[in-house]
Every structure is written in structure tokens, then in C-alpha cells.
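Let me begin by presenting the structure, written as C-alpha cells, before commenting on it.
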There are 4 protein chains.
Amino acid sequence: MIRAGVIGATGYAGAEIIRLLSRHPEAEIKWAGSRSFAGQSLSDIYGNMFEIVDLDCIDDDTDRMKNEIAKLAKDTDVIFTATPQGACSSFVTKELLAGTKVIDLSADFRLTDVAVYEKWYKMKHNAPELIKDAVYGLCEINRDDIRKTQLIANPGCFTTCSILTAYPLVREGLIDTDTLIIDALSGVSGAGRGAKTANLYCEVNENAKAYGVTTHRHTPEIEEQLGKAAGRKLTLQFTPHLVPMNRGILATEYASLVATDGSGRIGRAAAEAHVLPKEADLRAVYEKYYGAEHFIRVLPDGKVPETRFVEGSNYVDVNIKVDERTGRVIMMGALDNLMKGAASQAVQNMNIMFGIREDAGIDMAPDFP
Amino acid sequence: MIRAGVIGATGYAGAEIIRLLSRHPEAEIKWAGSRSFAGQSLSDIYGNMFEIVDLDCIDDDTDRMKNEIAKLAKDTDVIFTATPQGACSSFVTKELLAGTKVIDLSADFRLTDVAVYEKWYKMKHNAPELIKDAVYGLCEINRDDIRKTQLIANPGCFTTCSILTAYPLVREGLIDTDTLIIDALSGVSGAGRGAKTANLYCEVNENAKAYGVTTHRHTPEIEEQLGKAAGRKLTLQFTPHLVPMNRGILATEYASLVATDGSGRIGRAAAEAHVLPKEADLRAVYEKYYGAEHFIRVLPDGKVPETRFVEGSNYVDVNIKVDERTGRVIMMGALDNLMKGAASQAVQNMNIMFGIREDAGIDMAPDFP
Amino acid sequence: MIRAGVIGATGYAGAEIIRLLSRHPEAEIKWAGSRSFAGQSLSDIYGNMFEIVDLDCIDDDTDRMKNEIAKLAKDTDVIFTATPQGACSSFVTKELLAGTKVIDLSADFRLTDVAVYEKWYKMKHNAPELIKDAVYGLCEINRDDIRKTQLIANPGCFTTCSILTAYPLVREGLIDTDTLIIDALSGVSGAGRGAKTANLYCEVNENAKAYGVTTHRHTPEIEEQLGKAAGRKLTLQFTPHLVPMNRGILATEYASLVATDGSGRIGRAAAEAHVLPKEADLRAVYEKYYGAEHFIRVLPDGKVPETRFVEGSNYVDVNIKVDERTGRVIMMGALDNLMKGAASQAVQNMNIMFGIREDAGIDMAPDFP
Amino acid sequence: MIRAGVIGATGYAGAEIIRLLSRHPEAEIKWAGSRSFAGQSLSDIYGNMFEIVDLDCIDDDTDRMKNEIAKLAKDTDVIFTATPQGACSSFVTKELLAGTKVIDLSADFRLTDVAVYEKWYKMKHNAPELIKDAVYGLCEINRDDIRKTQLIANPGCFTTCSILTAYPLVREGLIDTDTLIIDALSGVSGAGRGAKTANLYCEVNENAKAYGVTTHRHTPEIEEQLGKAAGRKLTLQFTPHLVPMNRGILATEYASLVATDGSGRIGRAAAEAHVLPKEADLRAVYEKYYGAEHFIRVLPDGKVPETRFVEGSNYVDVNIKVDERTGRVIMMGALDNLMKGAASQAVQNMNIMFGIREDAGIDMAPDFP
């Protein structure tokens, strides 16, 4: 059995990891950490886990952790860190990584350029020397590298959805990335379990709003990964919105199509010259990249991704629509932010790292309604 | 592998059975039936099942079914009927039951007294001769009988919750059943997937109301089962309410406690005479009945059942509170109406009938949030 | 114009008073107080009021208020206190009441017996000498006394709904009050705008639970008022539940009916002796009490009160159903907890106190959906 | 008093008109029409209106209406048609318009080009000869023309929000309209009260999806109106989404800014040349157009429009954010789809047409929460 520790086990993402591991056929929960609830029974805080997980939370203050590297390395095979920015990088060391694997759900190791990290997160990076050892844990894209690393930067929820939705067309150079706009919706669990007025039921219910407009921290992460796919640096627009539901990310992405005749015409110009790519051909590109992927479903013509149909699962649904009036393609993707957008992708990464079945413990069918 | 057929597979409960069977380690879906969507792909109707279940719905009109009894008996080991009242009883025969097991999610075989059925359901019973062969499939109470039957009357959602919440105290004669009042809340999926104005989002959202006041059809079912526990006929009050959530049943049940001194005093009179049972003793009674039950969780003192903590699972949470002012006990229970209140209890019944692990395919941890 | 001050203007109830006063034809907001947001623009905190109310919150710390009694009395005609328990009673004095009227939305002056207050609220009462001057502001019941007082104890939300729903039958002695059980549902705004984890969107959404079982503080308030109606002290059962909606209280109340033949038989015994009151006669009793009341609507036979149909208004909807099997009457009521359950009833009290049209500024039609 | 008739009074928009007129100081409801509920009491269908509007629905079948033009013209001063496409144009005639004013909430008279109407709505236009007499009832833009017409084409909900959000910058030529992308969210009431499975609570709740991608019928309406503002024909991208809330439209609009130096550079090129317009200057443009408008609120820097803050009111909130990385401006707007997006704008049009106070009967403060 894979012995797992979870730091930040009483946040929504951490608790979801606990839930998944509690039923995982090849893993066991060695300990669950929490600063706020140290010493308390986990099921006292997450009533759903009553009689399922019988653990008291240990104190997972990172200062304390730093002093127990040897013990952590010895007692666990993998550590999940479901903590705010800066926590993971403040205690992970080469010594720890020599003894155990780390899957970090924060942004600490997602960006290869420290300067970009420090600009968007407005904090100093605690362990820049480890960045090059980390692999960006977008399973379907980086599977081979994930197998070989000890340190995973588990992608963000908006990011996973945004990247996977556009990846095939960006990779194949079929869209003009300068025109790429990502407009996304998120359920409220993405905001975490902290007691903030802004996330009270009555503040969020019966409301929709944009937030982090032009400044959301997932922007550079999407830019870096899609940039790698495009083979050049990208600048794109990303706007998240908060909508009243517990779970779910829906990304709607817009880009002008590149003419099929090599003319370089884009968008409406290509449309007017009748050299716009056909929707069926573009969908075939998605099938080329994702057809064999268990957890990415390319929907048939006429279906749109909906968060209800991926909820509770590790699936990502994607589809596209070509607009012959504007010459744009609208790319759409949906996932469950706590699952593929956080916890189940983290477990998927664990499965890959340990060479077990990739779907072990995370192959539940989405539960609707 | 257990070969299963599902009649009414495109209702919410039927689709939930499909979802559970799709991941069940010892069962396979032989066919899925639907009258409204005959010939259509199931995943076209339930997008969550895309690439998970690849089946076209067969026409499951009961008139048609009646003519294929021999084939049904030969091709399946078990048939689930997730249909409106009257459907199951209109085609199930002794011949069918000789060849296959039937788990009926409707009320057709839940009431032993045909007259009661016909009064509350306002329709003639189609197969009164089969009633005595049916077992009421409340797994934790009737496990032994379930093992031996070919025909299960799978309990209703309100019923499962209401009965299990009060059962130990009724069985032990600790409450005055004449004072028993069951006030229950239900999520909207209990109303089914039919296109009715009353169940539109804007009609249900931001609303709470009682319905079926004094006339709800689950009343005689609760009365019969709790009556059996009490050893005498019962008349009780049952009031359901509709509240804006997808899933969940919450029962709050009130009854006057019987004095511990054999005086027959009840409620406030017992309280004033200081002969009221202690809450801890009553909780111990729950532990006696449910302590060994995997899917019934008796909560610790101070916790109340909440639907969020059982959602997506086969668990029932129960707890009690004694009111020393009024001499009443308030009994509370929560479950997921589509799971323990319908589909997962149906699968639990299947597991028991086939002698496999009772939790096979239904042991998911509740998913919160 | 009536010059009004509002203490606690940035809680949900306080802000609702501000909203109502902003459009009131005969009142003006003199100042809005807030401890947490002193000095900030009110519309910065309640974006709905942008360009409608242009006020900065004053610091309404009660210690500070105590030192400005003369000024308060001079500058305002009425002060609303939408504050936690203990605040109003800590600064209101006879001197203040000599100069201005006070409408207190807390429980400080709702209970005439200080001991009961101190027992249920677990705090010392700050101004017991003022209790006898206060009038319980249930407008339809105490209108004459409201006209003459300077100090209103504005009723709680559960209380207003629970009392008005049962009042006619209690007053007329038609039910056995010992059997009275009040089961109520509340929207989340009743919990206030404080930043508590328990009230986060993801904690409340898709959930239903009971709370304050046997101990909710509105219990003695209901007991006192219905006791006055009954002409004797009452002990009753009250259980509130939290359901996922912004606004709304729904009360479902159970009681055994008293035989019409003077035999004293109640409930099932009366039913079996065919001396149960008729539902139509009971509804006529409601009409007798409420037929002339603008804001209480006695629904016709077959309709149940629903919170969606009173939302955003000062209306209370009530109806009953007699159960001939059990001999009970089920009484049901619905209101908007922030309106008739708090702010609009407070304004209704103000209107009565100042002798203006009782519906001034609060006569909006409920907005559905 | 203005005598008003309402055709389609039992849809959500029609019922909202009824609600507004029921409290309008200068209008009275002459009759309310419904095909589905002809002969039934309106308050039987809309329980919120019980004891407020006491009217039985008349049969408003348009074939019947056609035969009563003279009577309609004589009995009413204004007729609202809250009906599906094709209904209004099938019975309105010059004769009717000579005698009464018509405010049509459908799309029948919104598009000046019949061909465009017939292409997007896939139906023949019934009264093309009347199109030139109709005025597009976007009050703040077309106030002068509204005053003089007898026939108003009341704008759609997405349209009102989308146009008003971008109008000032389009009008002033500050953005490249070829790059304009409108991504919008809608509450569910926009889908109407028809009994469709897709709009059931459990289908919509906990879900987000795009719909009508590239084909939504509000597209040409937005294009025509913004095209008029720009002084040239426009083609733009419009994508609506459905999110789980009763009311509200939120528009997020993207466009590349035009350089301030007259170079014609747009977007990132302008940003890199440091000739991007300043955000404060752009906000000043909004103030120029909307500063004097009572019902359009230009939010201060740092605030985003949120649907909760306009709900229940006729307000539209708008704001912008300039992205110096991409050279785009993100324009955001929010309104209540049943109010400013339908019923209250219709009443605002009525007020203007009759020369009474523009805010009569529609000046409620938004109700939050």
C-alpha cells in the first residue's frame, strides 16, 4: 500500500483527497494535517467521513514540518500539500524528495520563471532551486515526465480546464493565439472553506460576477503551458466568474481560426475567403489528441460541455463550435474543480508516479443530478 | 456476472441504478429500458454516462414485456423496475419470478393489504396474488427474508428514512406511537424527471412548501412497517416538504416518551415525575440495533443528521434529542433519496439476494461539498 | 418627515430597513450606524444601494451612544436597533424614550419575564426596568398598544410566523395546546452576515438540517405570546431547520383538535366519535381574525403557503388542513424573514406609532420568481 | 389612469408586468390575457398576487384578438404583448395603433431588416409594413423617438445588457468593433415558464453551460443597435450561458482598444506603443453618456457589476477594466432580466410614451439578499 500524508486536509481540496484515498485500493492515509483543527477528529470537521476515516488531525504547521523531514521521508511514500501559496516551498527539500514523493496543489512549482511567480503572487519564492525538478502535473499532456519525477506541481482548476480545452488547436497552430480569450465560470468551492463574508450563502446565491479581471493568478500558468504547446510565448485574456453552484469549472474560449490555405489570413478574413477550417476537421484534431484518453471526452457535434455531467468525477468534457460569420472557433470545456481540478488529478498523478492503474480510486462515473 | 435489466432507466432513479451497475464489480447491464426514449442512446439522455455506458434504450412498454416473459427470465438474473405505480405488477408473473429476480422500486408490492394500496393509490392492484411472495426490501431490518425471495418491494425514500429513524424506539416500546409525527424534507429529484411546471427551476428555487398534507402515499407504508415493529396497527402523521436542493431526505420525528417506571405516564407527565428516559440510554438503544450496521451511522451527542453528509452514498445518519421540558424525543434521520432512498438500496438488495458482499458497488464515501 | 436612525445598519435586517426607508414616502434616513464599517460608505458595503442611499456609516458603538442620549433624542423621531441581544438594552433609557421612539429588532424587550430571558439567552438583562414599557410589536395582534408606546420589541422571524399561524385556533380554544408542535424552515439570511464557516455557500447549499433542537431562543417568545392568547402558560415544541434559500420562513404546526361536543376528547378520540371540528369552520375562524388584515392572507382550500409567494413583501400566508385520521389540524404559515420577520414589520410598527398609513413604504407585491 | 391590457400575462415577463402595474400610481390593469389559463384566476396561477390582483384571465388567442381590434383600441390605452415570436405581428394593425399604444416584448419589431428576422427566427414576418413605425425601446438611447411612437419593440434581456455595456465606447469609436466578443450569463427565468425537462430544477441546479453558441437570436439585435452607434454594420460574437439562479443577466464584453494617437494601432500593439487609452478616461466616457441617467449606474473603479445588486430593480450596473498586457478593455454589465430586461423596461417605455414620470412604478431599490 502507498502510504500517503495530506497537509491541509481540512480545506475542501485536502478533504477531497482524503475522501478519495479512503476508498483507494492501493493507498492508505498515514496522517491528515491541519493547522486550524490540529488534534480534532477529521470526521468531526467533515461529517461525511464519520465512521469512514478515523483519524485525528496532526498539526501540519510548516515550521514544524521542516524539523521532521527525515521522519516524513521515512513514514510516507507520498505527501499531498493542499495549502496556500508559499507553504509547500517553505519546507520541501531535496532530502525530503529523496525519500518521498510530493504532490503540491498550490502554485509554488507551477511556473518555471520565478520572476513571473513573484510578480503575480506578490511574494518571494521559498525554494527556487527546486522548480526545475518539478513536473507540471497535467496528466494527459505530461504523463511521461510525471512518471519520473518526485515533485508534482498539480495544476489549478481553471488552468486544467482552460489548457485542455484549447490544447489541440494551439498545438497544431490552427488558431491565432493572440486572439485567444478565455472566459470561465467557477463554482464556489474553488474559493475554499475560509470564513469570508464574500463567500457566505446569501452573498453568492442568486448572483453572478466576474472577479480578478485582468489579474487572476491562473493567467500566467495557462500562458506558460499553452505557450509550450504553441512553441512560443503567449499573452492571453482570462476572466473568471463566480456562479452559484458548489462545484464545476466551465471554460468558454474564443480564438480566430487560421486559414487553411497558408495565406495567414485569420478569422473573418479567412471566412470570407472560404478558407476556414471545417468544424469536423477540428473535432478530428481533438480526437487525435484525446481519443485514447480515458478521462477526456470529446463530445459529439451538437453537445456542449456541462458541469453537471462531470460532477463528482475525474472527467473533462470538451467540444468546439466554428462560427462561419466571425471566423472564430468557440472551444468549451467542463470539469469538477475539486476533482480533475484538484484532488482526483492529484491522485491520478500519484497513480502515474507509482506505476499503478491510472484510474485506480478515481474512476467514478459522474453523478447527476 | 449478474446480468441485470433496468425498466424505466431514464428516470432519475433508473439512471442512478444504471450508474451504479456500470461500476459494480459483479454485475453487468444487459439492457436499459425506456418508453419515452426507446431506440436512443442512453448517454444521449444522460450526458454523464457518455463513454461509460454504451447502450441504446430498448422499448420497455409493459404490454410488450408481458409477451416476452420467457426471454426476460432467460436473459437476465435480475430486473429492476423503476417505473410508476402499476407498471411492475402488470407484467410480473410467477413464471418470470421462477427464472429471474425482480426488484421493484414502485409501491406495487410494498403494502400487504390490497385494500390499503387501492385506497391510497386510487388504482386497482394488478397482481394481488404476488404480494405475499414479496419482501419489503429495507435491508437492515429484513435482511434474512431478502436473501430468500425472488421479489423485492424496494422502499420509498421518505419511508426508508422515516422508518429507520424511529425503528429502535418503536421496537422497544419507548415512545407512545399515537403521538408520533413525522415531518420530512425532500430534495427535488424525488419528484422525477417529468416535464412539469411545478418542478421548473424557478418554481422550486428559493421556495419551501409542504405538499400531500395528510394524504401522502408513503404514509401507509410507514405505518405498516413501524406497526410491525410495534406489534400493533399504527396511525401516524406524516408531512413532506419540498426544499430547493437536488438530493436528500431529512426526517424530523416527534413522539412523547414513555415513563421508565412502568406507570404508563407519557411526555410531560413523565418529565414532571422525573421518570423520563435518559438521552444516553436511548442512544444506546440505537447502537444496539445499528451499531453493527455498515450503512447506518448513529451520530454522537450534539451532532444532527445533515443531508450534505450522506449525499452520493448509501449511508443513513440518525440521532436523537430528548426534550426535558416537553417529555418528547426528537428523532432525526438523513439519507440521499436517489441512493439509499432508491437506487443504492435496490443494489444493496440485489447484493443480499445474490449472496455477494452487501456493499459491493455501493460503498462510496459521501461527497461533500 | 419622520427622521430615522438605524443602529446595526450593515447587518441584513438593518440594511433591509435602510432599503425600505430609502423609498418610504414619509420617512428619511438621518443616519446609519455600524461598528464594523464605521466611516465607510453604506453603498460600498451594500452595492444595491449605490446612488440610492448616499451615507457614510457612523460608529454606533453602544458605549458611545450612551453618551449622546440627548442628541439622539433631539435628532431623530425613531431609532431602529438591528443589533445582537444586549445592545439595545445597554443604552436605551427613559430619557431617550421621552424624546424618540425605539424599535428594537433584538430580543431584549420581547419577554416580560427577566428570568426567562436570562435563562434562554444566558446573559444578564441590562434594563429590566424598561421591559414593562415595551410593547410586543406583532402588529395585527397588538395594534392598539403599539400606537401608544415609545418602545417596540419587534418580534423574531420564526416567532411572527409561528404565532400568526396558530393564533386564531389557540385564541378560540380549538386545539389542545399541550400537543402543539412547531416545525419550521428558514432561509439562510436569518443567520446574519457574520463570516462563519457554517454559513458559507458550500456548507449550506444542497443541505438541510435541524438546529437548536429543543433549545432555540424563539421558543419562550412563542410560548409567551400564544400563552397570552390561550389565557394560560404554555409549553410547546419548536424545531427550526435551515434550508438552502436566501429568504423565507415556513412553519408547519401540529396540534390535536378539541371535540366540538364539549366532551373534552381530543385528536383521534374526537375523530372516532365524529365530533371533530370541520376544516371549513376552522378556516372561518381564521377569516374572523384575519379577514380584514391587509398583510395576512388566509389561503383558499387546497392551497399551501409557500415562501416564494410572500418573498420581498410584508405578507404572511396561512392555511390549515384537518386530518380526519389522526384528529389533528396542520397549520401552515409563510413569510419573508427579512421583511415581515424583521424589517418591514419594524416599519409597519413605525407607521402605526406615527399614525400614518400602516402600509406606507411596505406595500410591495411579493416578487416571484 | 392609463388603461393597460397584457397579452401573455401568465408567462414570467407578463406576470411581472402585472405585478408592476398592480402598484403603478398612474396605471390600471384592464385585462390580463392567457391562452393556457383562460378563465382562471390570475392569482390561482401566480400565488404571489393573491388578494392583490383580482382578475380572471381572458383568452388572448391572437386569432380572436384580430377580430376585436376596434374594441381593443377603445378599451385600452396601451397593450403589452409578452408573447412568443410571431404573435404580436399577427394581430397588430394600423387601425389598432391608431387607437392604442402597443409595447411588444417579443422580437417581432426589433429588427429593421425583415430578411435578418426571417433568417434568425426561421419564420415569416407577419407585418413587415409596420416595422418602420416601431421604435426600439431602449429607453436611455432612444428616449426621444419613444415619446412619439405608438409601437415599441421592447428589447431582449441579453440585448439590453449587452448594448448598454458597450454603447459609449462603440459610439465614441474607442474600440475595434471587429474584436468585440460578448460572453453573457443568464438566470433561468429567461427561459420562461414552459414545462420543459431542460428547465427542471435538477437539470439546471448545480450546472453551467453555454447554449445557442454562434446562433443565439439576440445576436442580430445587438449587431443592429451597436452598428447604429458605430455608424457601420457590425458582426460580433455573442455567447450566452445558463447558470443556476432565478434572475439576472451578466455581460462580460471584450474588445481591443484603439490607440489614442490616431495611428490605428489596436490592442497589444497600442499597448506596446504606450498609446492605450487610460481606464479613467474611458470611465469618464461612460459618465458622459450615463451620468445623468437614473437607471444606469457607472460603478466606481474596483467594483464589478453583480446581478445580486440589481435584482428586483430597473437598474443596470456597468463598469470597465483596461488590460495593459493585452490592450483590451473588459466591459461588464448587470441587470435583472425580468425587470430592465423585460417588464420594468416595458413600463419605463410606457411612462415615456405617456409623458409621465419615467420612474413611476418602477423605482424600487434592488433587494439584496
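Points to keep in mind about this one:
- Average beta carbon contacts from partner chains per residue of A:233-245, 10 Å cutoff: 6
- Residues B:R193, C:R110, A:R357, ranked from the fewest to the most other C-beta atoms within 10 Å, line up as A:R357, B:R193, C:R110.
- Shielding of peptide C:308-315 by partners, expressed as the average count of other chain Cβ atoms within 10 Å per residue Cβ, is 5.
- Taking the inverse of the mean 1/r over every pair of distinct Cα atoms in the range B:248-363 gives a Kirkwood hydrodynamic radius of 15.5 Å.
- Mean separation of Cα contacts under 8 Å (6+ apart) over length of chain A, as relative contact order %: 16 percent
- Value of D in µm² per second that Stokes-Einstein yields for the range C:119-160, Kirkwood Rh from Cα pairs, at 37 °C (0.692 mPa s): 284 µm²/s
- Computed on the Cα trace of the range D:158-335, the radius of gyration divided by the Kirkwood hydrodynamic radius gives Rg/Rh = 1.00.
- For the pair B:D56 and C:K122, a Förster radius of 56 Å applied to the C-beta separation gives a FRET efficiency near 0.30, rounded to the nearest 0.05.
- Overall shape of the range B:269-331 was characterised from the C-alpha gyration tensor. The equivalent ellipsoid obtained from it has semi-axes of 26, 13, 7 Å, in decreasing order.
- Dimensionless Rg over Rh [the range C:196-292; C-alpha; Kirkwood]: 1.09
- Take each residue in A:289-298, count the other chain C-beta atoms within 10 Å of its C-beta, and the mean is 1.
- Taken over the range B:181-235, the convex hull of the Cα atoms encloses 99 Å³ per residue.
- Whether the protein assembly as shown is rounded, prolate or oblate, judged on the alpha carbon gyration tensor where a/c under 1.5 counts as rounded: rounded
- Cα-based Lys pair tally, the range C:158-335, threshold under 21 Å, eight or more apart or on separate chains: 8
- Vicinal HN-Hα couplings computed from phi for the range D:220-237 (Karplus, 6.51 cos²θ - 1.76 cosθ + 1.60; Hz; Gly/Pro x): x, 5, 5, 4, 5, 6, 5, x, 4, 5, 7, x, 7, 5, 10, 10, 9, 9
- Extents of chain C, largest first, come to 67, 43, 38 Å (Cα atoms, principal axes, whole angstrom).
- Relative to the other identical copies, A:T112 shows label-point distances of 5.5, 7.4, 8.0 nm, where the label point lies 7 Å from Cα along the Cβ direction and values run shortest first.
- Approximate spin-label separation C:D178-C:Y211, in nm, with each point projected 7 Å along Cα-to-Cβ: 3.4 nm
- Residues whose amide H comes within less than 5 Å of that of B:K101, counting only those at least five positions distant or on another chain, are B:V78, B:I79 (H built at 1.01 Å from N in the peptide plane).
- Neighbour counts of C-beta atoms inside 10 Å place B:I175, C:I79, C:I45 in the sequence C:I45, B:I175, C:I79, starting with the fewest.
- With contacts taken as Cα pairs under 8 Å and at least 6 residues apart, the range A:158-335 reaches a relative contact order of 28 percent.
- Inter-copy label distances for B:K94: 8.2, 8.3, 9.1 nm (label point placed 7 Å from Cα along Cα→Cβ; shortest first).
- As a proxy for reagent exposure, ranking D:D77, C:D367 by other Cβ atoms within 10 Å from fewest up yields D:D77, C:D367.
- Expected 222 nm ellipticity per residue - DSSP helices of 4 or more, -39500 (n - 2.57), all of the protein assembly as shown, to 500: -8500 deg cm²/dmol
- Neighbours of B:H24, meaning other residues whose beta-carbon lies under 14 angstrom from its beta-carbon, give a summed charge of -3 when Lys and Arg score +1 and Asp and Glu score -1.
- A simple count of charges around B:A107, restricted to other residues whose Cβ falls under 10 Å of its Cβ and scoring Lys, Arg +1 and Asp, Glu -1, yields -1.
- Shape category assigned to the range A:243-301 from the gyration tensor of Cα positions, a/c cut at 1.5: oblate
- The percentage of C-alpha pairs in the range C:10-99 whose separation is greater than 15 Å is 60%.
- D:D59 label point (Cα plus 7 Å toward Cβ) to equivalent points in the other copies: 3.7, 7.1, 8.0 nm, shortest first.
- Among residues other than C:P128 with Cβ under 12 Å from its Cβ, the summed charge is -3 (Lys and Arg +1, Asp and Glu -1).
- Dipole in debye (nearest 20) - the range B:158-335, about Cα centre, beta carbon charges: Lys, Arg +1; Asp, Glu -1: 300 debye
- Amide H partners (placed H, <5 Å) of C:Y136, local residues excluded: C:A153
Laboratory data are not the source of any read-out in this text; all were calculated from the coordinates shown. These figures come from a predicted structure and were not determined experimentally. Heads up, the Cβs are rebuilt from the backbone with ideal geometry, glycines too, and the neighbour counts pull from every protein chain shown.
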